[in-house]
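Laboratory data are not the source of any read-out in this text; all were calculated from the coordinates shown. Remember, predicted model here, so these are calculated numbers, not experimental data. Cβ: placed from backbone, ideal geometry, glycine included. Neighbour counts: every protein chain shown.
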Amino acid sequence: MAEGGPEMTSDWNAVDIDTLVRWAGLEQTARSFGAEIGDAVKNAARIRGGFLRPLNPAVEPAELLSAAPAAAAAEHSS
Amino acid sequence: VTELPDLTLWDAAEAIAAKRLSPLEYIDGLLAWIEAVDPSVDAFIALRIDEVRMAARAAADEIAREGVRSPLHGIPIGIKDIFDVEGMATTCHSRLRLDHVATVDAAVVKRLRRDGALFPGKLATHEFALGGPSFDLPFPPARNPWNRDHHPGGSSSGSAAAVAARMLPAALGSDTGGSIRHPAAHCGLVGLKPTYELVSREGVFPLAYSLDHVGPITRTVRDNALVLDRIAAHGHGPYTSQLDSGLKGLRVGFVRHFHQEDTIAAPDVASALDEAAAVFVREGAAVSDVRLPRLAEFEEVTRVIMISEAAAVHEKWLQERANEYGQLTRRRMLSGFFFSAIDYVQAQRRRTELTGAVSEALRNFDVLLAANAMDAPCRIDDEATLDYTYVRQARMPFNISGHPAISLMCGLGEECGLPLSLQLVGRKFGEAELYRAAAGFEQATPWKDLRPDLESLVSGSPSPRPAR
């Protein structure tokens, strides 16, 4: 892929919290822990805002497993 | 303290192999000590006295007839309670898992069992290796044997507390954002997070699949290398081969900006790190500064990946049984529902760059020297300071990158008198060289000879609980 293309970032800050709770399937949890869910939404937004920045489009996601020794992989299936 | 609990793993193994010490005599000595001190430390959440004595007797008979199967034959190893041990509950220190009894051993436990190691019980952890220290769980949190009013670090808190209090010579922990190196640091021990996937995670309850590592916690570097030799994927050891090679000629990159610019370490921690760098120079190593990306970048990427993966594991329970979690676990995991798929992929892409930066630094250096915890251990009931210090650390970069990192004691806190620690980081699958550097530092410093005031733990009174 060519370098310098546009980067998409997600911004859920504008979405209302009831919609987020329904989307996440947390309606039951929200009955007892609504305040904690509100904090979690804010916390996620804070963390997301900290790290998102333009990346070179050629950079692919990390694939740590490809660096693992064959022996370890074999042990997983044994 | 009796003589037996004070034996290092290496010394106990030698004595058993030479038939100077019987595994039964050894485990009985340790069980008596556990009974005396664990009510003060709360390292164990389950003990199997009859079963482990039976296994020790069988080991003694076999060794008498045929000699030892391995250096770990007859040696008790502690197991963090997120690892499956056949016939025992894997509670993950949580109400949600109290009834879960493992039907097979985790792969790493299977390896140790084949070697003849003994498993006296399961050790305390933060709930699901994430939420702690907490007082709203079915078991109390482990205490720091150096001062039981203080946090032992986590999440492999019981593993470190048991080894520091001489209840066991070694224990296994897991490390997703520092959970081996943190308790090792706070308890004055040696804790290794190996290269990603060097030790199997099969049968270990996941926190975050792409960040979880399994490794040993011990009192000495030699003991640590000995355990890794027995649990690592075949073909990468032996890890004890370079322990006496010294530090001369070693190229050490000091990641000074982590604790001097990115997160300002407490003055006693900063001084201890400077003194550690001076030890390397004095012993003939070449030390120069090296720069990696900012610590905050590593932390933010780690958090997106770790919490997203953890929420994926716990999705159903968080939707249907959220009240059964401790508050700290629930609060930390719920954020994972509010990252998007794009966030996760972007974090994994940034991870590629961050990992490359660590690998690049290690092209010019044999090991990196970096801060571990930025503060001495605080009180276990001081919620504000626990929150403040939770993120003040430099361990996450090497969960993200998968490079091996080892925690070593390097001083004592100025006010509290509890252990301070550093990290050494090696090339992927370069654990033998990493142990060489760690052993050289250990031999050149007095820290491994210090230990908690163990007699003070024999009080018989249970651990104090904070008023809530």
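Place a point 7 Å from the Cα of B:GLU383 along the Cα-to-Cβ direction; which residues of the range B:131-165 have their backbone N under 12 Å from it?
Residues B:134-136 qualify, since their backbone N sits under 12 Å from the label point.
Rounded, prolate or oblate, given the Cα gyration tensor of chain B, with a/c below 1.5 counting as rounded? Walk me through the numbers on the way to the answer.
Details: a/c = 1.40, a/b = 1.12, b/c = 1.25.
Rounded is the answer for chain B, as its axis ratio a/c remains below 1.5.
Once you average over the residues of B:399-409, how many Cβ atoms of partner chains fall within 10 Å of each Cβ? Walk me through the numbers before you get to the answer.
On the way: counts 0, 2, 2, 5, 0, 0, 0, 0, 0, 0, 0.
Partner-chain Cβ atoms within 10 Å, mean over residues of B:399-409: 1.
Under the definition of partner shielding as Cβ atoms of other protein chains within 10 Å of a residue Cβ, what is the mean value for peptide B:158-171?
Values: counts 0, 0, 0, 0, 0, 0, 0, 0, 0, 0, 0, 0, 0, 0.
So the per-residue partner count for this stretch is 0.
Going toward the positive end of the dipole of the range B:354-458, with +1 on Lys and Arg Cβ and -1 on Asp and Glu Cβ, which of B:SER401, B:LEU424, B:CYS378 do you reach last?
The residue sitting most towards the positive pole is B:SER401.
Could you grab the Rg to Rh ratio for the range B:166-250? Cα atoms only, Kirkwood for Rh.
Numbers: Rg = 13.2 Å, Rh = 13.5 Å.
Value, to two decimals: 0.98.
Beyond 15 Å, what percent of the Cα pairs of the range B:1-41 remain?
Working: 321 of 820 pairs.
Percent of Cα pairs beyond 15 Å in the range B:1-41: 39.
With +1 on each Lys and Arg Cβ and -1 on each Asp and Glu Cβ, how big is the dipole of the range B:204-288 about its Cα centre, in debye rounded to the nearest 20?
Values: 7 positive and 10 negative charges, 63 e Å.
The dipole magnitude comes to about 300 debye.
Stretch A:ARG46-A:GLU27 to full length: gain in nm at 0.36 nm per residue minus the Cα-Cα span?
4.5 nm
Within chain B, which complete DSSP H helices have Cα atoms spanning at least 27 Å along the helix axis and a mean Kyte-Doolittle hydropathy of -0.5 or higher?
Working: long enough: B:295-320 (36 Å, 0.10); B:341-364 (36 Å, -0.63).
Membrane-span-like by this rule: B:295-320.
Starting with the highest mean, order B:125-132, B:178-185, B:98-105 by the number of other Cβ atoms within 10 Å, averaged over the residues of each peptide. Mind showing how you got there, number by number?
Working: B:125-132: 28.5, B:178-185: 33.1, B:98-105: 13.8.
In decreasing order of mean packing, B:125-132, B:178-185, B:98-105 become B:178-185, B:125-132, B:98-105.
Only four residue types carry charge here, +1 at the Cβ of Lys and Arg and -1 at the Cβ of Asp and Glu. Report the dipole size of the protein assembly as shown about the Cα centre in Debye, rounded to the nearest 20. Before the final figure, lay out the partial values.
Details: 56 positive and 72 negative charges, 98 e Å.
Once rounded to the nearest 20, the dipole reads 480 debye.
Determine the percent antiparallel among the DSSP beta bridges restricted to chain B, to the nearest 5. Before the final figure, lay out each step's value.
On the way: 31 of 43 bridges.
Of those bridges, close to 70 percent are antiparallel.
So what's the back-of-envelope 222 nm ellipticity for the protein assembly as shown, counting only DSSP H runs of four-plus at -39500 (n - 2.57) apiece and dividing by all residues, rounded to 500? Kindly include the intermediate steps, with their values, before the conclusion.
On the way: 18 runs with 225 residues, N = 546.
Result for the protein assembly as shown: -13000 deg cm²/dmol, rounded to the nearest 500.
I need the Kirkwood Rh of the range B:1-130: take the reciprocal of the average 1/r across all distinct C-alpha pairs and report it in angstrom. It would help to have the intermediate numbers written out before the result.
Numbers: mean 1/r = 0.0658 Å⁻¹.
About 15.2 Å for the range B:1-130.
If you wrap the range B:198-356's Cα atoms in a convex hull and average its projection over all directions, what's the area in nm²?
The directionally averaged projection comes out at 12.7 nm².
How much length is gained if the chain between B:GLN260 and B:ARG114 is pulled fully straight, taking 0.36 nm per residue apart and subtracting their Cα-Cα distance, in nm to one decimal? Walk me through the numbers before you get to the answer.
Details: separation 146, 0.36 × 146 = 52.56 nm, distance 4.63 nm.
Extra length from B:GLN260 to B:ARG114 when fully extended: 47.9 nm.
Pull up all non-local amide H partners of B:HIS213: gap of 5 or more, or a different chain, and H-to-H distance under 5 Å with H placed in the peptide plane.
Answer set, sorted by chain and number: B:ASP175, B:THR176.
Which of B:MET333, B:THR352, B:TRP317 sits closest to the plus end of the dipole of the range B:281-392, meaning its Cα is farthest towards the positive end, when Lys and Arg get +1 and Asp and Glu get -1 on the C-beta?
Most positive-ward Cα: B:THR352.
Taking the Cα centroid of the range B:178-216 and of the range B:128-162, what is the distance between the two, rounded to the nearest whole Å?
16 Å
Counting only the backbone N, which residues of the range B:324-338 are under 16 Å from the spot 7 Å out from the Cα of A:ILE17 toward its beta-carbon?
Taking a point 7 Å out along Cα→Cβ of A:ILE17, the residues of the range B:324-338 whose backbone N falls under 16 Å are B:331-332, B:334-338.
Nearest 20 debye, what's the magnitude of the dipole of the range B:329-468 about its Cα centre given +1 on Lys and Arg Cβ and -1 on Asp and Glu Cβ? Kindly include the intermediate steps, with their values, before the conclusion.
Values: 17 positive and 17 negative charges, 143 e Å.
The calculation lands at about 680 debye.
Which order do the peptides B:286-298, B:164-176, B:391-403 take when ranked by the mean count of other beta-carbon atoms within 10 Å per residue, highest first?
Numbers: B:286-298: 17.8, B:164-176: 28.5, B:391-403: 24.5.
The most tightly packed comes first, giving B:164-176, B:391-403, B:286-298.
For a quick check: with amide H placed at 1.01 Å from N, whose amide H comes under 5 Å from B:LYS80's, ignoring anything fewer than 5 positions away on the same chain?
Distant-sequence amide H within range of B:LYS80: B:LEU123, B:LEU172.
Amide H to amide H, which residues 5 or more places from B:ASN144 or on other chains are under 5 Å from it, using H placed in the peptide plane?
Answer set, sorted by chain and number: B:HIS150.
Take peptide B:344-353, look around each residue's Cβ out to 10 angstrom, count Cβ atoms belonging to other protein chains, and average those counts. Can you show the working numbers first?
On the way: counts 2, 3, 11, 6, 6, 9, 7, 5, 8, 4.
Rounded to a whole number, the mean comes out at 6.
Between their Cα atoms, which of B:LYS248/B:LYS448; B:LYS19/B:LYS248; B:LYS122/B:LYS193; B:LYS122/B:LYS448 are more than 28 Å away from each other?
Numbers: B:LYS248/B:LYS448 21 Å; B:LYS19/B:LYS248 37 Å; B:LYS122/B:LYS193 20 Å; B:LYS122/B:LYS448 26 Å.
From the list (B:LYS248/B:LYS448; B:LYS19/B:LYS248; B:LYS122/B:LYS193; B:LYS122/B:LYS448), the Cα-Cα distance tops 28 Å for B:LYS19/B:LYS248.
For B:GLU14 and B:ASP274, FRET efficiency with R0 = 41 Å and r from the beta-carbon atoms, rounded to 0.05? Could the numbers behind the result be given before it?
Numbers: r = 37 Å, r/R0 = 0.90.
Calculated value: 0.65.
Extending each Cα 7 Å along its Cβ direction at B:ASP149 and B:TYR209, get the distance between those two points in nm, one decimal.
For B:ASP149 paired with B:TYR209, the spin-label model returns 4.6 nm.
Note the full-extension length gain between B:GLU51 and B:ASP453 as 0.36 nm times their separation in residues minus their Cα-Cα distance, in nm to one decimal. Each step should come with its number before you reach the end.
Values: separation 402, 0.36 × 402 = 144.72 nm, distance 3.04 nm.
Full extension of this stretch gives 141.7 nm more.
Restricting the count to DSSP beta bridges whose residues both fall in the protein assembly as shown, what percent are antiparallel, rounded to a multiple of 5?
Details: 31 of 43 bridges.
The antiparallel fraction comes to roughly 70 percent.
Based on alpha-carbon centroids, what's the gap between the range B:232-255 and the range B:45-118 in Å, whole number please?
Each part reduced to its Cα centre gives a spacing of 29 Å.
Tell me, what is the FRET efficiency for B:ALA312 and B:ASN364 to the nearest 0.05, using R0 = 30 angstrom and their Cβ-Cβ distance as r? Numbers along the way, then the final one.
Working: r = 38 Å, r/R0 = 1.25.
Working from the Cβ atoms, E equals 0.20.
Once you sort the root eigenvalues of the Cα gyration tensor of the range B:90-224 as a ≥ b ≥ c, which label holds: rounded (a/c under 1.5), prolate (a/b larger than b/c) or oblate (the other case)?
Numbers: a/c = 1.36, a/b = 1.07, b/c = 1.28.
Note, shape of the range B:90-224 comes out rounded.
Kindly give the semi-axes, whole Å and largest first, of the ellipsoid equivalent to the range B:276-356, taking each as the square root of 5 times a Cα gyration tensor eigenvalue.
Values: eigenvalues 281, 62, 13 Å².
Calculated on Cα positions only, the semi-axes equal 37, 18, 8 Å.
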